[in-house]
Amino acid sequence: MQLSDLKIIVTGAGKGMGAHFATRLFEAGAQVCAGDIDEAAMAAHLPAGVHKRRLDVSQEADVVEFVQWANREMAGLNGLVNNAGIIADGLLVKKDRVTGEVQRFPTAKWHALLGINLTGAMWMVREVVATMVETDQKPGVIVNMSSIARHGNRGQSNYVASKAAIAANTVTWSREFAAFGVRVCCVAPGMVATPMTAGMNQKALEAFVATIPVGRVGQPEDLWLAVKFCLECDYFNGRTIDVDGGIAF
Ligand SMILES: NC(=O)c1ccc[n+]([C@@H]2O[C@H](COP(=O)([O-])OP(=O)(O)OC[C@H]3O[C@@H](n4cnc5c(N)ncnc54)[C@H](O)[C@@H]3O)[C@@H](O)[C@H]2O)c1
């Protein structure tokens with residue numbers, strides 16, 4: 001699909017990669033509806049011509065209303081960059097070195113992350129595709145955001161579960177939605193310089209970068225090139241592109 005033909009939603013568009021993708025899409029001539037819990041960030045980081053509305057993807061009613069609003073605002077809908085996501089790290093079981101106390105990963109923290117990264121992402125896909133089918137719009141394209149963490153990563157059980165599920169369901173949904181003319185693709189970043197990773201300890205960051213063959217962390221533009229490919233290549237479907245500098249883990 002041509003970028004200029006897109007009427008597309010970008011979630012988590014206030015900061016980081018989402019803000020970059022929404023801006024690049026707008027510059028390419030797409031109509032863009034941006035959603036984020038952080039309205040101030042959207043106002044600060046997105047061009048005036050991008051439609052903006054508060055969205056919490058972990059709230060089903062919010063997702064339903066947002067998608068209906070986007071369909072009205074753009075007089076149609078044929079794309080989604082399903083980008084909103086958080087991290088909430090911690091070991092599943094941890095023993096305090098000093099006291100010997102055994103700590104359990106909090107159940108609420110598990111559900112909070114899955115509510116955004118998995119259930120929220122699923123609601124976005126469901127509502128976008130249902131709206132397209134109800135209003136007889138096709139073709140369409142969805143780009144999900146997974147992560148290299150989907151292969152497993154210490155201290156990230158909840159994140160790993162969400163990102164593995166999103167990559168696997170990219171296959172599921174590409175098969176389910178073929179009849180509706182909707183492709184479903186996925187991008188799996190390595191470490192990217194965004195607010196999500198900005199707080200990382202400098203020593204840990206240097207050790208991590210040492211394992212990346214290209215010798216640096218990714219920039220949002222590196223990931224945009226993959227998102228753009230997913231959107232434009234009508235033969236790309238049901239697959240996940242790793243954009244991680246060739247990291248071996
Ligand atoms: N940065 C990385 O290294 C990296 C690596 C792999 C995958 N990812 C994934 O890429 C995506 C974007 O990551 P990023 O680094 O740009 O993140 P970020 O934290 O920099 O930005 C995420 C945006 O999502 C918004 N958001 C959070 N919860 C939300 C909710 N419930 N509803 C709507 N918006 C919400 C935040 O306000 C923020 O503006 C995420 O899905 C993330 O898991 C990031």
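The values are calculated or read from the model by the stated rules, or taken from the named source; none is laboratory data. Everything quoted here is computed from the prediction, not taken from an experiment. Cβ placement follows ideal geometry from the backbone for every residue including glycine, while neighbour counts extend to all protein chains displayed.
For this structure, a couple of remarks:
- When Ala88, Ala108, Ala130 are screened for being modelled with pLDDT of 95 or more, assigned to a loop (DSSP other than H, G, I, E, B) and more than 10 Å from the ligand (Cβ to nearest atom), only Ala88 passes.
Residues are listed down the side, and each one gets a yes or a no for (1) near the ligand (Cβ under 10 Å from one of its atoms); (2) in contact with a Ser or Thr (Cβ under 9 Å, 6 or more places away or on another chain):
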| position | (1), (2) |
| --- | --- |
| Val171 | no, yes |
| Ala188 | yes, yes |
| Ala198 | yes, no |
| Lys228 | no, no |
| Cys233 | no, no |
| Arg239 | no, yes |
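- Of all residues in the stretch 199-241, those satisfying the criterion of being acidic (Asp, Glu) and either assigned to a strand (DSSP E or B) or under 23 Å from the mean Cα position of the chain (by Cα) (or both) are Glu221, Asp222, Glu232, Asp234.
- For Ala188, the conditions (1) more than 19 Å from Gly246 (Cα to Cα); (2) not in a loop (DSSP other than H, G, I, E, B) are fulfilled apart from (1).
- Within the stretch 56-67, residues that are farther than 12 Å from Thr11 by Cα sit with their Cβ atoms under 9 Å from residues that are hydroxyl-bearing (Ser, Thr, Tyr), at 6+ positions apart or across chains, in these pairs: Glu60/Thr119.
- Scope the stretch 62-85; condition closer than 19 Å to Leu118 by Cα, surrounded by 17 or more Cβ atoms within 10 Å (Cβ to Cβ) and not aromatic (Phe, Trp, Tyr); matching residues: Asp62, Val63, Val67, Gly79, Leu80, Val81, Asn82, Asn83, Ala84, Gly85
- Residue that is farthest from Met124 (Cα to Cα) [pool: residues in the stretch 30-50 that are within 15 Å of the ligand (Cβ to nearest atom) and part of a loop (DSSP other than H, G, I, E, B)]: Leu46
- Condition met for Gly14 (touching an Asp or Glu at 6+ places or on another chain (Cβ under 7 Å) and within 26 Å of Ala193 (Cα to Cα)): yes
- Some residue of the stretch 17-29 being assigned to a loop (DSSP other than H, G, I, E, B), closer than 16 Å to Leu225 by Cβ and more than 7 Å from the ligand (Cβ to nearest atom): yes
Each row is one residue, and each column tells you yes or no for (1) surrounded by 13 or more Cβ atoms within 10 Å (Cβ to Cβ); (2) in contact (Cβ under 8 Å) with a residue 40 or more places away in the chain; (3) farther than 26 Å from Val182 by Cβ; (4) in contact with a helix residue (DSSP H, G or I) (Cβ under 9 Å, 6 or more places away or on another chain).
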{"site": "Thr211", "(1), (2), (3), (4)": "yes, no, yes, no"}
{"site": "Gly215", "(1), (2), (3), (4)": "no, no, yes, yes"}
{"site": "Ile241", "(1), (2), (3), (4)": "yes, yes, no, yes"}
{"site": "Asp244", "(1), (2), (3), (4)": "yes, yes, yes, yes"}
